[in-house]
């Protein structure tokens, strides 16, 4: 009932909305649909899809798939659809997470049969599950709101390592189960629990002076958990070792997404009374709204402080745990009121020593464990406080404390996002033909495109995903490049001329322009200008107030198409022009609509003296070019092209590291 109150008005709109700001939520909405589609319809692993970034696809191993939620709600999705399933996960996470923290509170305060003890433990559940951190990520991060298994694992670990317990095995098994559940929701949580495990193991060894037994029990939990998760962990490690570049988070992003010191004491930004004022105070912080809301609550902090003062021994570990995760949540450097203070913090050492933390981005999410440590501390403080009162008044004070914490954390009315899908997509769902859809704009990927795919079920050329896609063609094919960068890349082919071949090559049937996603300004003008250039001579196939649809793929391509290989460097600017570094070797695919001849024309220069560049077409040498220190145009003889795929290979034969930069790459046929 408290969850229904605190998430108001969700229950009243259970079938038509999801909580949040209508952004990242659609990614998680798609996750649920995709897992059901992969498992039940396609009978394949859900960890790779060609429905996004078609036709090359995208690995979902490092995507926030939170597969546990999708598998849990399969029956609900089959009966009631994705929207109800999404909202079930929301309610489930709040209720079960609060219940787990309540059970942990009972253990920590060593509750007796008195109702006031259970109310004190109930306060722990309220603090943990209704923390502003939880509601901040309800904006769209389903994987983060699914923190319900954290207290269950902590409780199982604590019980399994308890001294003198004759039968620890059931608790060890439960710890493994909850560790696996947490990892299948979010790998962040698995890492947090490993850190907690190390902290609690150290505490038990220090208190009990029996390191061997504690180490054996802990090792068994971790080994069994690793074995169960190994079908996912092994391919993740292989992928990370093979191509770590696209997984690593920039260090400045890690710094920016760290918690601000003042954020822990600035009230809930969603509160109906003071939320607006709190948001104004927090506006200067470096993180986004969902990452900066780590308010601990004045009442929980006061009760925890009282517990530390009155019950030092019982509170010692939970205080140490809370402080450890608090320090980690602050990130590599201290932030105060949005200003970075050049004081290195423990996370900097963790970031440098442990490779996984270079993949992680959002440091402030350590707050989940801060609140999990604070919750039993506050329960301990409340229990100690009510014990000073006559029995008749204990319940009154405990209920009052729960009510005050709920009011302090109150986020109602919580923002809701309408599940609104243009009617055109309903019609596409009835078409059996296999084809792809190109959604515009695509200078950055909009999450709403994933929402629409859950209805039309056709593959799309890009997609709003967690990590960059190293297989993506979007940055390597003309026309797509133009829409991605709102301007040309090094491929100098006329986008209008090669567009038919591009659409045929990718199997695109419809290009859909979402006008409502483009507010007035330069971005809108650039996208509309490109649409007019590429598709201006075509009449829209469908049009309404939201979208304009062009049917493409009906024209036969006339010009050979250049496609950059994976080995090329990223697009850069050089003297106002696009440029890419070659590397020691790179390839281009030449897609020819028919057998013929074409001449390769390119402009390049070397950053380190003159260098020989060898070119091969379909394995046959076609020439060597001396690339000098100034940009110069080079031309090949007419090259024989077979119909379909031809492979052009470029090799820098210089003695030192490769330094050739291309600023233009074109293909002219013999017409």
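Can you give the calculated 222 nm mean residue ellipticity of the chain, where each DSSP H run of n ≥ 4 adds -39,500 (n - 2.57) and the sum is split over every residue, rounded to the nearest 500 deg cm²/dmol?
Value at 222 nm, helices only: -14500 deg cm²/dmol.
Given their separation in residues at 0.36 nm each and the Cα-Cα distance between them, residue 616 and residue 12 gain 210.9 nm when the chain is fully extended.
Take every pair of alpha-carbon atoms less than 8 Å apart whose residues are at least six positions apart; their mean separation over the length of the range 561-669 yields a relative contact order of 38 percent. Peptides 326-339, 281-294, 569-582, 240-253, ordered by how many other C-beta atoms sit within 10 Å of their residues on average, highest first, read 281-294, 326-339, 569-582, 240-253. Peptides 196-202, 630-636, 370-376, ordered by how many other C-beta atoms sit within 10 Å of their residues on average, highest first, read 370-376, 196-202, 630-636. Computed packing ranks the peptides 484-492, 307-315, 204-212 as 484-492, 307-315, 204-212, most packed first, by mean other Cβ atoms within 10 Å. What percent do you get for the relative contact order of the chain when only Cα pairs under 8 Å and 6+ apart count? Result for the chain is 13 percent. Of all DSSP beta bridges in the range 423-551, what percent run antiparallel (nearest 5)? Bridges in the range 423-551 that DSSP calls antiparallel: roughly 55 percent. Measuring r between the beta carbons of residue 657 and residue 288 and using R0 = 51 Å, the FRET efficiency lands at 0.85.
Quick check on the range 278-427: take the gyration tensor over C-alpha atoms, sort the square-rooted eigenvalues as a ≥ b ≥ c, and tell me if it's rounded (a/c under 1.5), prolate or oblate. It comes out oblate by the Cα gyration axes.
Just how far, in whole angstrom, is the range 248-302 from the range 517-539 if you go by their alpha carbon centroids? The two parts, judged by their Cα centres, are 38 Å apart. From the alpha carbon centroid of the range 349-410 to that of the range 31-54 is 38 Å. For the range 423-551, a/c is less than 1.5, where a ≥ b ≥ c are the root eigenvalues of the C-alpha gyration tensor. That puts it in the rounded class.
Can you tell me how the range 1-81 classifies by the Cα gyration tensor, rounded, prolate or oblate, using a/c under 1.5 as the rounded cut? Prolate is the answer for the range 1-81, as a/c is 1.5 or above and a/b outweighs b/c.
Between residue 248 and residue 573, the simple label model (points 7 Å from Cα in the Cβ direction) yields a spacing of 2.5 nm.
Centre-to-centre separation between the Cα atoms of the range 107-171 and those of the range 599-646: 64 Å.
Rule-based calculations on the coordinates, nothing more; no lab input. This structure is a prediction, so every number in the text was calculated from the model and none was measured. In this analysis, Cβ positions are derived from the backbone assuming ideal geometry, glycine residues included, and neighbour counts consider all displayed protein chains.
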